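Where a number appears in this text, it was derived from the coordinates with a stated rule and is not lab data. Quick caveat, the model's predicted, so the values are computed rather than measured. A quick note on method: Cβ atoms are made from the backbone with ideal geometry, for glycine too, and the neighbour counts reach across all protein chains shown.
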């Protein structure tokens, strides 16, 4: 089971993030921290041998964010760091283990998907992050012809990006499904729920479910997990690592 730590100056946000982390079945322990706990004289914090992921809430003060992240790193020894920011233009603190960045106001499902992806060894940076903004610029430029959903990171994993229009067409043709159905399959393979997929593609959740049901009938499978397994057997790349696939109980729709 994974161990997660999170730090943010807003109590209600900490509570909400703790609930998101607690809902992920692969996370066993969640430790929350208030920035005031990071003062050298404070004893109101718990040291961890290692945290598999640290959700670090930025405040927008570059020097203070850097100081707090260094202090948290010494405190919990994170394997991966996910930055949370109110403003995409805030300068990110420099740290070699930063693996992603999302807005604090992002939908719950997208934050959860980012956590799942990072725990699986991937990276998650929004399109608004420029190469000079964070410690890990997007690894691959998305081809100009690619229709990248606004809410989806260009970089969907280690060295992987949102498929180009041609790749979407090729994948759909190989599976004998529609391009839209293939897009949904790619996003679902990265851990996004039906609701989050709809938000990313700017369509309703009901429309996503309708596309998914039609896709399952075409592929003669019972659910999303079987669809992903079928795609893998046929050699169709979904731009996802195996570990990024959601657990079976979230793949029924």
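Overview of results
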read-out	value
Kirkwood-based shape ratio for the stretch 2-119, expressed as Rg/Rh from alpha carbons	0.92
Residue order, fewest to most beta carbons within 10 Å, for 31, 10	10, 31
Euclidean distance of C-alpha centroids, the stretch 68-84 and the stretch 176-215, integer Å	34
Packing-based order for 205-214, 185-194, using average beta carbon neighbours within 10 Å, highest first	185-194, 205-214
For 224, 59, order by how many other beta-carbon atoms lie within 10 Å, fewest first	59, 224
Sorted by Cβ density within 10 Å, fewest first, the residues 197, 81	81, 197
Spacing of the two label points (7 Å from each Cα toward its C-beta) at residue 103 and residue 50, in nm	3.5
